[in-house]
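> This structure is in structure tokens; I'll ask about it shortly.
The values are calculated or read from the model by the stated rules, or taken from the named source; none is laboratory data. Quick caveat, the model's predicted, so the values are computed rather than measured. Heads up, the Cβs are rebuilt from the backbone with ideal geometry, glycines too, and the neighbour counts pull from every protein chain shown. Note: areas computed on protein heavy atoms with side chains; ligands, DNA, RNA excluded. Shrake-Rupley method; radii C 1.70, N 1.55, O 1.52, S 1.80 Å.
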Amino acid sequence: MPQTPSKDDIANLALFPRVDLKNIALVNQASQALAALDALQDLSALGFDTESKPTFVAGEVSTGPHVVQFATADTTYVFQL
């Protein structure tokens, strides 16, 4: 079973180049979601992230995630949920 890299291992990785703004796609229509699926489904690796609105009161339950992002080496797809 693979081990999780240490903080030092992660800190020693090369920086990943920034995705150019023109290659960030906001996905808010079914046709765009299908195009994103087509671009992403056969990749061997991709980045994944979620974002949620913060909670400010103790015991408050988050209603998120509110945004999901999938990224390739050169394109990011942002899904607002």
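> Looking at the structure I just gave you, is Ala35 within 17 Å of Gln69 (Cβ to Cβ) and in contact with a Ser or Thr (Cβ under 9 Å, 6 or more places away or on another chain)? Spell out how you get there, then give the answer.
Working: within 17 Å of Gln69 (Cβ to Cβ): yes; in contact with a Ser or Thr (Cβ under 9 Å, 6 or more places away or on another chain): no.
No, not satisfied.
> Step by step: first the residues of region 72-81, then only those that are more than 11 Å from the chain's Cα centre (by Cα) and among the hydrophobic types (A, V, I, L, M, F, W, C), then the one that is least open to solvent (accessible area, probe 1.4 Å). Which residue is that?
Going residue by residue through region 72-81, those that are more than 11 Å from the chain's Cα centre (by Cα) are 73-74, 80-81.
Retained after the next criterion (residues that are among the hydrophobic types (A, V, I, L, M, F, W, C)): 73, 81.
Numbers: Ala73: 74, Leu81: 130 Å².
Result: Ala73.
> Within region 9-37, track down each residue that is at pLDDT 95 or above and of a type in the set (D, E, K, R).
Lys22
> Continuing with the same structure: Quick one: how many residues across region 42-72 are small (Gly, Ala, Ser) and touching a Phe, Trp or Tyr at 6+ places or on another chain (Cβ under 8 Å)? Write out each step before concluding.
So in region 42-72, the residues small (Gly, Ala, Ser) come out as 44-45, 47, 52, 58-59, 62, 64, 71.
From the residues that got through so far, the ones that are touching a Phe, Trp or Tyr at 6+ places or on another chain (Cβ under 8 Å) too are 47, 71.
Qualifying residue count, region 42-72: 2.
> Would you check which residues across region 56-71 are in contact with a Ser or Thr (Cβ under 9 Å, 6 or more places away or on another chain), of a type in the set (A, V, I, L, M) and open to solvent by 80 Å² or more (accessible area, probe 1.4 Å) and list them?
As a first pass, look at region 56-71 and keep what is in contact with a Ser or Thr (Cβ under 9 Å, 6 or more places away or on another chain): 61-70.
Of the ones still in play, those that are also of a type in the set (A, V, I, L, M) are 61, 67-68.
Selection gives Val61 alone.
> Listed residues Ala73, Ala58; which is at pLDDT below 90, part of a loop (DSSP other than H, G, I, E, B) and not aromatic (Phe, Trp, Tyr)? Explain how you work it out, then say what you get.
Values: Ala58 fails: at pLDDT below 90.
Within the list Ala73, Ala58, the selection yields Ala73.
> Taking into account only those residues within region 21-55 that are in contact (Cβ under 8 Å) with a residue 24 or more places away in the chain and in a loop (DSSP other than H, G, I, E, B), which is surrounded by the most Cβ atoms within 10 Å (Cβ to Cβ)?
Top of the filtered list is Leu46.
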